[in-house]
Each structure stands twice: as structure tokens, then as C-alpha cells.
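Q: Encoded as C-alpha cells, here's the structure I'll be asking about.
The values are calculated or read from the model by the stated rules, or taken from the named source; none is laboratory data. Predicted, not measured: the structure shown is a model, and the values here were computed from it. Positions of Cβ are backbone-derived with ideal geometry, glycine not excepted, and every protein chain shown enters the neighbour counts. All accessible areas refer to the heavy atoms of the entire protein, side chains included, with ligands and DNA or RNA removed. Shrake-Rupley method; radii C 1.70, N 1.55, O 1.52, S 1.80 Å.
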Amino acid sequence: MSFFKSWPKAWFALLLILFPFITNGEPIIINGQPVYTFTGNNWSYCSTNSRSITDIVQRYKAGHFISTGTDVFNGGIPRQYLWFHFEVTNRDTLNSKLLIDIESPRINEMELFEIDAGQVHSIGKCGDFYPFNNRAIYNKNFVFPVSVKKGQSKDYFLFVNQVGHTLMLPVKIFKEPAWQTATAKNYLIDGITYGILLFVAFFSLAFFINTWYSLYLYYSLYIITAILWLLSYFGLGYQFFWGNHPWISTLSSPFLACINIFLNIRICQILLQLKKVNGFIYKAGNWACGLLVAAALFPLIDMNRYGYTTNHAYLIVFLAIICLAVLVVFFSIFLYSIKGSFVARFYFIASLLKVGSIFNLALLELGWTKGFYQLEGILQMGILIEISLLTAALAQRYATYKQKTIQSVIIGQEDERRRLAQEIHDGIASKLSGIRYSIEPLLVATGPVNNKDLTSFAAAIKKAQEEVRYVSHYMLPDYIVKNTLPEIIKQYIEELRPRLRPLNIELSINEQTINLSEQVKLNIFRIVQELISNMLKHARADNAYLSISFDKKELRIVSEDDGIGFHYKGTDSMGIGIRSIRSRVKLLNGSLNIKSPVNMHSENAGTLIDIRIPLARSINEKISLHDY
């Protein structure tokens, strides 16, 4: 009995809860404000197969419309046509010219009906099924102009055909001046965004032309397809490029999304050298690329001819493939970022944004999350941040590429020096030794006159032999590997002193032990060699000072002489010797400063060269395979 006594109260409570959803909604009040956004109580809708406005008005009067319950309607993938109702009441002191702006450019078919004094008439019909010229106002969004007199109320019915396609409906009502200001600002932001992205794309293309490295070509195409996808997804492509070809609007967005992710996978494969270091992930990327190509080509069969079932199935498969492909990229980058790849860490941060955006957009298109305003601005900002991070990573990659190129040239030079030194030692030096040992017995057998000539000849051969030995030793000293850097430099200077006259070199060097790789020691030794060689050949100096000092952070080489100096005017005025020094310093991530002449008012103006090389861990190791 208690249940029967309480059920009227329960039903009354239930009606109170459901009332907002069965009500026809509150009117949008026009007053002094320039912009009006919808709330959940302002508009209602119904889902039906009917396209008749007369039938829809009857349904509305019969209470078949339910409240949207949200500011931005997210219909997911509709099975039927959708009709929306809202009422506009003008309580302003003047008649109002209004613009109803539907900020969802990708809708197949849409028509707005106005009821004025019991009469129904169409404000306009537009959508992706119609040429862009059909729109009453040329704008990437769907914009309908209406007029509401002071004190007047009007009902509006909006027909939307988005069967089998995703639907999100953010609607605003503007007064005309406010709409013009907002539109100008929106297009300005679009121009700045796409201008920045195009600049980066062409910059990457220039890198490709300079290096012929396919990574930069893929990156340039990746940015261009991202731009085209944004243009397609938010209506600018339809407005400016393919307005007379409505079918392009339907297929362009999924096609460009697939190509964009395809390029993202190719960038990941090249950047992380997956083919060489992880065949399984590389093959997974290839499978994902194949699925993306299939998903990109499928819409070419004209999806508009098919109903809800086919379009819904394609959309689910399409979103699944996109998410799978993005996960392959994300997993690859995550794997190599934790292995210590510097470039992969930048790429990983950028991919976090990409993965988050893709999954949120997928949930949004399926209707599983709430719709919201400013989707275009959020996606534009996300892509700009992603491209900024990726560009920083690729700029580092380019710097590594240049460093690797210099390193390859220097290694090639050292290999050639090693080969020539060996040939000189085994060839010319051996032959000179044979000639000398053949002549020496003749010195005893010949007479006094000829003996003098033979002695001079033998001395000349001995001198040539010593010269050849010096050149061979200069090209590849055998003590580089065995000794520390201070020992190498000191031994080299001591061996060289007989040849330095009249130049007097004062050497100052740390005795502290420092661990450097053979490659680094060799490069520093070659720098010192080149500095001393320049003093001997060009400086005409009497005195020189060479200082080599280092601590935990930095190695410093200072060379100063009292020679004639030269007028240093930057890289264009450098000779071969200085160029060689600069290349080796650059390879070691160091800096080179030259001051010449040191003293403008002296005949012996002199030259001062200051070299600083950071003793970071990176210069003692080979460049990581994942970073190059």
C-alpha cells in the first residue's frame, strides 16, 4: 500500500527531472550584446526520415522535439535527418539584423526555415552537396542572415542531412558589426597560422635540395598535407580551391588525414633508422602504411551515394586505422627516446600532442565526448606546437648531418695521410736507403777526387732520407694512440725544434691527465700542427707563444706570435690552413676567434688565435645511430 500512496510523488519528481528535455526551450533574447551563444535550454531537436517542413512543424507542436541539453550539439554519426528548433526574441531598442553562424563547415546538406506571422519560408539551402556559390554569405562557415524587429519573436527550424557522417553543431548568433569583426580576426589567425606552416615547409624543402636527404622532403610534404587537411576540415579549401566541385569536400578530409599519417610513419622510420635497428617495428609501420593507403583510396568511390551503414562502417574502420598508425609511431618514438636518442625525445613530446589530438578528435567524431567551440583554434595551436618541436628536432638532425659530413671529410683526409705515409715509408724511404747503402762502399774504393763528390752525394741522400722520414712522421705520428694529449704536444714540439729556427716557441701546457678518444686527440693535434705550420710559413715571426690548458669543462688553445699579421675579415679571407682549423674546431663543437693584427702601430703586428673546445661527453663518443 505504501508504494501506491507514494507513486504520484515519484512520477511528479520524474517529470521535474525530464521537464528540461521535453520542453520546447527558452528563446534567445536579443538585447545590447553583440554575440549570443546557445545553451542547452535554447534549442531542441528531433530525428526523422521526413524532409517536409510542414510535417516537422506539426511534430514540434505535438511535443516530439527534445532539448539538446548542451551548448554545442554533438550528434556523432546520425542515422536519420535532424531538425533543430530555436526561437529568437528581440528585446533591443532597435530592429536587429542578425547572422546565424554555424561553425561546422563540413555538413552535407542544410536548410534554415523561418516562421513569420504563421508563414514558413526558406532563408537558404547550402552544404557540401551544393556548389559554394549557393551560400547567401561567402564564408567558410554556414551563415544565414535574418532580421528580427523590435519586440518581435520568430521561430526557426534548421534541417541537417548528415546521415552516415560525423556531426558537431556549434551555433552562434551575431549582430552584423560583431560578426564582421570576428570573421576578420578569424581569417587573420588562419593566414598567420598557414603562413608559418608554409614557411617551415619551404624551409624543409630547401634542406632537402641542399642535402638530397629524403627525410626533409617527407617532412615538407607532411606539413603541406597538414595544411591541406586543416583547409579541408574547416572549410577554407571549399571556399577558395574546390568550391565548384562538392564531391572533393567529402573525400578530401579522410584522404589527406591518411596521407599525413602515412608521411608521419615514413619520417619516423627514417629518423630512427628503424629498417636497420628494429625490423619488426619497421614492418609494422609498413603494414600501417598499407592500411592508410587503402583507407585513403576508398572514399574515391563517392561515399555520398551510400547510406548510413556503409558510411558508418567506413568511418569506424578509418578512425581505427588512423589510431593504430599513430600508435605505431608513438611506440617507436617512445622506445628510442628511453634508449637515449636526443632527436627521439623531441619527437616524443611532439607525438604526445599528436596522439592526444587524434584520439580526442576520434572520440568527438564518434559522438562519445561533448562538443565545444573553438575546435579549429585548438587544432591549429596543437599543430603549430607539434611542428615547432619537430622542426627543432630536425634542425638538430641537420646540424648532426653537417657535423657528420665534416667528420667524414676529416676521416677521409686522415686515411689518405695514413696511406701516403705508409707508401713513403715503404717506397721512397726504402729506395733512398738502398741507394745510400750502395754508395757508401764506393767511398772506400774510389780515389780522393771522386771521393769528395760521392761524399756530398751521400750526404744529400741522407738529408733527403731524413726529410722523407719527417714528412711521413708528420703525416701520421706513431705516438698519438699511446700517449696523453700533453705528452703528444710536448714530444711533437721537441722533435720540431731543430726546424723552427729562427722562430722561438714558448710552450705552456697542463700536465693534468684527461681522457680523450683517439679521434679527439688526433683532431686537437692537427689543430696544433696547423697553427705552428702557419707561423713558420706566413708569420715571419721571431717569437711565438702556444698555450694549451684544460679543466673539467673546457680545453683552450691560445696561439700568439709577433709576426707580420694579416687583415682577417671573416671566413672569406681565410686560407686553407685556417679553414682546416675551423673545420676541426667545428667538428669538436668548439669556437674559434682570430685577432689580427694585434698591434696596429707596430711593424710586427702579430696574430692571436683563441680556440675553446667544450669537454662534454658528446665529443668523446661517436654520433648515435638513432640521431643520424
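Q: Which residue pairs have Cβ atoms under 8 Å apart, sit 6 or more places apart or on different chains, and have a first residue in the range 305-326 that is more than 17 Å from SER351 (Cβ to Cβ) and outside any helix (DSSP H, G or I) and a second that is modelled with pLDDT of 85 or more and aliphatic (A, V, I, L, M)?
A: Matching pairs, first to second residue: GLY307/VAL163.
Q: Return the pair list, or none, for Cβ contacts closer than 9 Å from residues in the range 339-351 that are at pLDDT 70 or above to residues that are of a type in the set (Phe, Trp, Tyr), at least 6 apart or on different chains.
A: If the second residue must be of a type in the set (Phe, Trp, Tyr), the pairs left are ARG345/TYR336; TYR347/TYR336; PHE348/PHE330; PHE348/PHE334; PHE348/TYR336; SER351/PHE330; SER351/PHE334.
Q: Need the failing condition index for ALA399 against (1) modelled with pLDDT of 85 or more; (2) loosely packed, with under 14 Cβ neighbours inside 10 Å; (3) within 26 Å of PHE208 (Cβ to Cβ), just the number.
A: (1)
Q: Going through the range 162-208 one residue at a time, which ones are touching a residue at least 24 places away in the same chain (Cβ under 8 Å), open to solvent by 20 Å² or more (accessible area, probe 1.4 Å) and touching a Phe, Trp or Tyr at 6+ places or on another chain (Cβ under 8 Å)?
A: Listed by number, the residues that qualify are VAL163, MET168, LYS172, ALA182, PHE207.
Q: Testing LEU236 on (1) within 15 Å of the chain's Cα centre (by Cα); (2) touching a residue at least 24 places away in the same chain (Cβ under 8 Å), one condition comes back false. Which one is that?
A: Every condition holds for LEU236 apart from (1).
Q: Name the residues in the range 77-105 that are surrounded by 18 or more Cβ atoms within 10 Å (Cβ to Cβ) and in a loop (DSSP other than H, G, I, E, B), would you?
A: Scanning the range 77-105 gives ILE77, PRO78, GLU103, SER104, PRO105.
Q: Does the range 601-614 contain any residue that is outside any helix (DSSP H, G or I), farther than 24 Å from GLU487 by Cα, within 40 Å of the chain's Cα centre (by Cα) and at pLDDT below 85?
A: No.
Q: If you don't mind, another one. At least 3 residues that are modelled with pLDDT of 90 or more in each: list the helices (runs of 4 or more DSSP H) lying fully within the range 175-290 that qualify.
A: Filter on the range 175-290 gives 176-211, 214-233, 236-240, 246-271.
Q: Okay, next question. When TYR545 is evaluated against the numbered criteria (1) modelled with pLDDT of 75 or more; (2) out of contact with any strand residue (DSSP E or B) (no Cβ under 8 Å at 6 or more places or on another chain); (3) of a type in the set (Phe, Trp, Tyr); (4) open to solvent by 20 Å² or more (accessible area, probe 1.4 Å), which criterion, by number, is the only one it fails?
A: The single condition TYR545 does not satisfy is (2).
Q: Return the total of residues in the range 526-542 being among the aliphatic types (A, V, I, L, M) and open to solvent by 20 Å² or more (accessible area, probe 1.4 Å).
A: Total satisfying the criteria: 1.
Q: Then there's this: Filter the range 514-556 down to residues that are of a type in the set (Asp, Glu) and in a loop (DSSP other than H, G, I, E, B) and give me whichever is nearest to the chain's Cα centre (by Cα).
A: ASP551
Q: For residues in the range 548-578 being among the hydroxyl-bearing types (Ser, Thr, Tyr) and modelled with pLDDT of 75 or more, which is nearest to ARG526 (Cα to Cα)?
A: Ranking the candidates gives SER559 first.
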